[in-house]
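Structure first, commentary second.
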Amino acid sequence: MKTLKIFITIILITTIILSCSKAARIIPIENLTLNETQLNFFVDQEIKLEVEITPKNATNKTIIWQSSDEEVALVSQDGLVTAINDGKVIITVSTEDNLISDTCNVIVTKAHIPVTGISLNITLLTLEVSETETLIVTIEPENATDKTIVWTSSDENVASVSEEGLVVALSEGNVTISATSLDGHFTTECSIEIIDPITFSVSNREQWLNAIDFIKNNGDNKTYIINLINDITTYAGSNVPTFGDVENISVTINGNHIIKMLGSHCLVIGSYQEVTINDCVFEGSVLNMPEEIIRVEGTNAVFNMRGNATLRDNPESAVFVIDGIFNMYSGSIINNIAELGAGVKVGR
């Protein structure tokens, strides 16, 4: 019996010793240290973070990885960081009980894609004083990193330009608006003529002829606008509606009205003269049909029809005599074009 008690006692003591020995072998993590505390990299790039566990013989080495913003960067449970979008994010590694941790601050940026060229939507423009126009620049490639554009005017007394490409016509003259990319210093330009037109409001025959006479007698290199207020009927005779021998003039006739002509001509346009009619009708008379409704004489003469502008004769014996450039735009109606001279250009 005494021997049995001694045996049981030995077993109990051995069990206690073994238990204490096992508990002594649990070594906790004291510190986690990442190999990087600050990272800068590009979208779609991947970087593997390494963590040092102290002590190296810690019993439980299980760690957890977390991203503070998974829309910017993701992190796997083995420390692989994947950049998703530009921004800032904190990558954290911690023990299971979250008592020990370390962090890495990550800044993600888009990879630099250089500008290879730029262009403007308009390269040649005419504006009236006080008019505005927004120039639009196209940057190649579309996903270039730095799309900063610097706008400049060759003469800020003639026209100004904003940081958004808004051009304001200030005074008569010529000016060049330039757009330059900050990345690569590519430059594209728009040449602009600023005009200060003389404007007439015409509601009757007398005002029409006065406007024509004024244009004939006031020299070259000017721009005129005739706004029709009413339908008018006018006569040729000694007051044929011609702009005389003045050169480099531009005349625009606006208004949804009719100019009815009795006599030899409806309108005569000479060399180095450009006449444009917008949304109005020139027509010959039934009573006294003109020989020509429109005579464009001289290879440097230009006649434009825009919008719903119409030329018509009644009856069809009248013609349009074109010795120059005739441009007809959508919506226009004409009858009988006769061409004069070699190399005549008739645009339809």
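Take the conditions open to solvent by 70 Å² or more (accessible area, probe 1.4 Å) and touching a residue at least 40 places away in the same chain (Cβ under 8 Å) and apply them to Thr187. Does it pass? The answer is yes for Thr187. Among residues that are under 19 Å from Lys222 (Cβ atoms) and aromatic (Phe, Trp, Tyr), Phe200 is included. Scanning for something at pLDDT below 90 and either over 30 Å from Thr145 (Cα atoms) or surrounded by fewer than 10 Cβ atoms within 10 Å (Cβ to Cβ) (or both), does the range 77-89 turn up at least one residue? There is no residue in the range 77-89 that is at pLDDT below 90 and either over 30 Å from Thr145 (Cα atoms) or surrounded by fewer than 10 Cβ atoms within 10 Å (Cβ to Cβ) (or both).
If I filter the range 191-199 for residues that are modelled with pLDDT of 95 or more and outside any loop (DSSP other than H, G, I, E, B), do I get at least one hit? Yes, some residue in the range 191-199 is modelled with pLDDT of 95 or more and outside any loop (DSSP other than H, G, I, E, B).
Within the option set Ala338, Ala342, being modelled with pLDDT under 70, part of a strand (DSSP E or B) and on the phi < 0 side of the Ramachandran plot holds for one residue only, Ala338. Selection of the range 83-107 for residues being among the charged types (D, E, K, R) and touching a residue at least 60 places away in the same chain (Cβ under 8 Å) yields only Asp102. The set of residues from the range 136-159 being within 25 Å of Ile194 (Cβ to Cβ), open to solvent by 40 Å² or more (accessible area, probe 1.4 Å) and of a type outside the set (A, V, I, L, M) comprises Thr138, Thr152, Ser154, Asp155, Glu156, Asn157. The residue pairs whose first member lies in the range 206-234 and is more than 21 Å from Val129 (Cα to Cα) and part of a loop (DSSP other than H, G, I, E, B), whose second member is among the hydrophobic types (A, V, I, L, M, F, W, C) and open to solvent by 10 Å² or more (accessible area, probe 1.4 Å), and whose beta carbons are closer than 8 Å, counting only pairs six or more residues apart or on different chains, are Asp231/Ile258. Looking at the range 129-187, the strands (runs of 3 or more DSSP E) lying wholly inside it that each contain 1 or more residues that are over 28 Å from Lys110 (Cα atoms) sit at 132-134, 149-153, 159-161, 166-169, 173-181.
Scanning the range 245-264 for residues that are on the phi > 0 side of the Ramachandran plot and open to solvent by less than 50 Å² (accessible area, probe 1.4 Å), we see that the one that is modelled with the lowest pLDDT is Gly263. The residues of the range 265-287 that are in a loop (DSSP other than H, G, I, E, B), open to solvent by 30 Å² or more (accessible area, probe 1.4 Å) and either at pLDDT below 80 or in contact with a Gly (Cβ under 7 Å, 6 or more places away or on another chain) (or both), listed by number, are Ser271, Asp279, Val286, Leu287. For Gln38, the stated conditions do not hold, so it cannot be described as modelled with pLDDT of 90 or more, over 42 Å from the mean Cα position of the chain (by Cα) and either within 25 Å of Lys110 (Cα to Cα) or not hydrophobic (A, V, I, L, M, F, W, C) (or both).
The values are calculated or read from the model by the stated rules, or taken from the named source; none is laboratory data. What you see is a predicted model, and the numbers here were worked out from it, not measured in a lab. Positions of Cβ are backbone-derived with ideal geometry, glycine not excepted, and every protein chain shown enters the neighbour counts. We work out accessible area using only protein heavy atoms, side chains counted, and drop any ligands, DNA or RNA first. Shrake-Rupley method; radii C 1.70, N 1.55, O 1.52, S 1.80 Å.
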